[in-house]
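Here the structure comes first, spelled out in structure tokens, and everything after it is commentary.
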Amino acid sequence: MRYIDEAKIEGLIEGAQKVPDGTFDVILAKAKSLQRLALEETAALLCTQDEKQVFQILEAASFVKDAIYGRRVVLFAPLYISNICQNNCLYCAFRARNTQVSRKALSQDEIREQIEWLLKRGHKRILMVAGESASGSHGADYYVESIKTIYAAAIGPHRIKRVNINCAPLSVDDFKKLKKAGIGTFQIFQETYHEATYRTMHPSGPKSDPDNRLAAIERAFAAGIDDVGIGALFGLYDWRFEVLAMLMHVEHLEKTFNVGPHTISVPRLEPATGSDVALHPPHKVSDADFRKIVAVLRLSVPYTGIILSTRESPAMRDELFNLGVSQVSAESRTSPGGYDSSEGEGDSDTQFTVSDHRSLDEVVASLIAKGFMPSFCAACYRKSRTGEAFMDLAKPGTIKGKCSMNALITLKEYLDDFASPEVRRSGYQLIRRMEQSLDNKEKACLGKFFTDIDRGVRDDYV
Ligand code: SAM
Ligand code: SF4
């Protein structure tokens, strides 16, 4: 794969076994001063097996997360619009050769109904997901129509504020269409950065070309989409290799476009209908190693959001909030049309099995109980604080104040309109606690927003 230097990565992993005494503490101190780490430094953290050092890494990640993002965690829901796919990714239930899954592309009416269901629960941010189809009727124009339908759907004053998309590589012209339709982040996971493994896992279809997949981000940038998300599917190859390769990818983007990815996702392989690879991951990642992956990423690229999905169990998700995760999905269904009372995760048409089945209200309750601020904010996207502009605010810590304020505003809207009585009570207690850390000017500003919400104003932000 272009600019993923496998020999260099192997060398970094080998070199990390003989880090001189004292170096570990120097690297950790650098990370805690919120500086980006070099690949050699990241490798040293990633490869340590010393329990005390691992504990220090987890502690430092929690410190850095607090310093940059504060206590807010952004919530979103995936919307699978189509599972029609011409690829044959061995780990995925939607692969073309899997006859155990019925195929479906939602109509625009069905998409609107799904969004109305999500809006009624309080969701405000969507990750639109689709299989890869060469047919025009399920390709870029279909995505554009779907994005428009999602933004147009409304329940009273409630609308979706931001649509991100996870889809196959597109041409620059097609990316321009998505940009025009108002997408937030374009997300694409390289799955594995190890070329031989990539070729084995993707035997046919357009996705079998690893360089075309890697180049998708560049085409998105060329089309003017400057919020991009990357990721690796953990379990396909050695996780140390994947993390270092992903960071090499980040370095390449930073060098070429002056800005790295907006987010990094850390999906772990989950069972999928008819997939042996998904059931028996060739490089299964233990919970302990997974915690380390998230913590080291938080330290290595402190300003990049980390996304966690409902592939992880409630207990694991609750732990990872502390270690640096900044966005999580809630009450996800991974099949097209999955959001209604009759279809659920027992359904064999899902892409993979989710492990966290809690409702949005329950996820919000759990975040509040741990002192985190659930946020439904999309202000940066709306105020064009994307790409480099976002990083310019994130680096000096300016964004944290705005994030906290917007988290509290959107949380109050959620509590007033959607929360169960217990969550409303605990949410208000949290808001009161968080208000105490604001200065007088911020308190007055927040008070004004809250009065407006009490008067019926919705969807406000700083
Ligand atoms: N079809 C597009 C693609 O592959 O890029 C986008 C959507 S795909 C449905 C989204 C992601 O789901 C993939 O990039 C892959 O990482 C993940 N995925 C597929 N099978 C999975 C499994 N069994 N467990 C966990 N994640 C899986
Ligand atoms: Fe298709 Fe994406 Fe699944 Fe691969 S991961 S089979 S491209 S839906």
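For this structure, a couple of remarks:
- Candidates Ser133, Ser137, filtered to the one that is more than 16 Å from ligand 2 (Cβ to nearest atom), in contact (Cβ under 8 Å) with a residue 24 or more places away in the chain and of a type in the set (Ser, Thr, Tyr): Ser137
- Residue within the range 314-333 that is of a type in the set (Phe, Trp, Tyr) and closer than 25 Å to Arg97 by Cβ present: no
- Filtered residues of the range 413-427 (kept if open to solvent by less than 30 Å² (accessible area, probe 1.4 Å), touching a residue at least 60 places away in the same chain (Cβ under 8 Å) and assigned to a helix (DSSP H, G or I)): Tyr414, Val423, Gly427
- You will find that of Lys30, Lys52, Lys120, the residue that is away from ligand 2 (no atom under 16 Å from the Cβ), touching a strand residue (DSSP E or B) at 6+ places or on another chain (Cβ under 6 Å) and not in a loop (DSSP other than H, G, I, E, B) is Lys120 and no other.
- Residues being outside any helix (DSSP H, G or I), within 11 Å of ligand 1 (Cβ to nearest atom) and small (Gly, Ala, Ser) are entirely absent from the range 177-193.
- Qualifying position, being at pLDDT 95 or above, more than 14 Å from Lys292 (Cβ to Cβ) and charged (D, E, K, R), among Asp5, Asp21: Asp5
- Of residues in the range 194-208 being in a loop (DSSP other than H, G, I, E, B) and under 24 Å from the mean Cα position of the chain (by Cα), the one nearest to Glu10 (Cα to Cα): His194
- Filter pass, Leu75 being within 16 Å of ligand 2 (Cβ to nearest atom) and closer than 20 Å to Leu308 by Cα: no
- Of the candidates Asp226, Asp173, the single residue that is in a loop (DSSP other than H, G, I, E, B) and away from ligand 2 (no atom under 16 Å from the Cβ) is Asp226.
- Sole exception among (1) more than 15 Å from ligand 2 (Cβ to nearest atom); (2) in a loop (DSSP other than H, G, I, E, B); (3) more than 29 Å from Glu362 (Cβ to Cβ) for Cys89, by number: (1)
- Residue satisfying all of: in the range 118-155; over 20 Å from Lys176 (Cβ atoms), over 22 Å from the mean Cα position of the chain (by Cα) and at pLDDT 95 or above; most open to solvent (accessible area, probe 1.4 Å) among these: Lys120
- The set of residues in the range 197-230 being among the hydroxyl-bearing types (Ser, Thr, Tyr) and either within 13 Å of ligand 1 (Cβ to nearest atom) or open to solvent by 50 Å² or more (accessible area, probe 1.4 Å) (or both) consists of Tyr198, Thr200, Ser208.
- Where helices (runs of 4 or more DSSP H) fall entirely within the range 260-349, those with at least 2 residues that are touching a helix residue (DSSP H, G or I) at 6+ places or on another chain (Cβ under 7 Å) and open to solvent by 10 Å² or more (accessible area, probe 1.4 Å) are at 287-300, 314-323.
- Restricting the range 156-170 to residues that are crowded, with 20+ Cβ neighbours inside 10 Å and in a loop (DSSP other than H, G, I, E, B), the residue that is nearest to the chain's Cα centre (by Cα) is Cys167.
The values are calculated or read from the model by the stated rules, or taken from the named source; none is laboratory data. Please read these numbers as outputs of a predicted model, since none were measured by experiment. So basically every Cβ, Gly included, is an ideal-geometry build from the backbone, and we count neighbours across all protein chains shown. Keep in mind that these areas ignore ligands, DNA and RNA; they rest on the heavy atoms of the full protein, side chains included. Shrake-Rupley method; radii C 1.70, N 1.55, O 1.52, S 1.80 Å.
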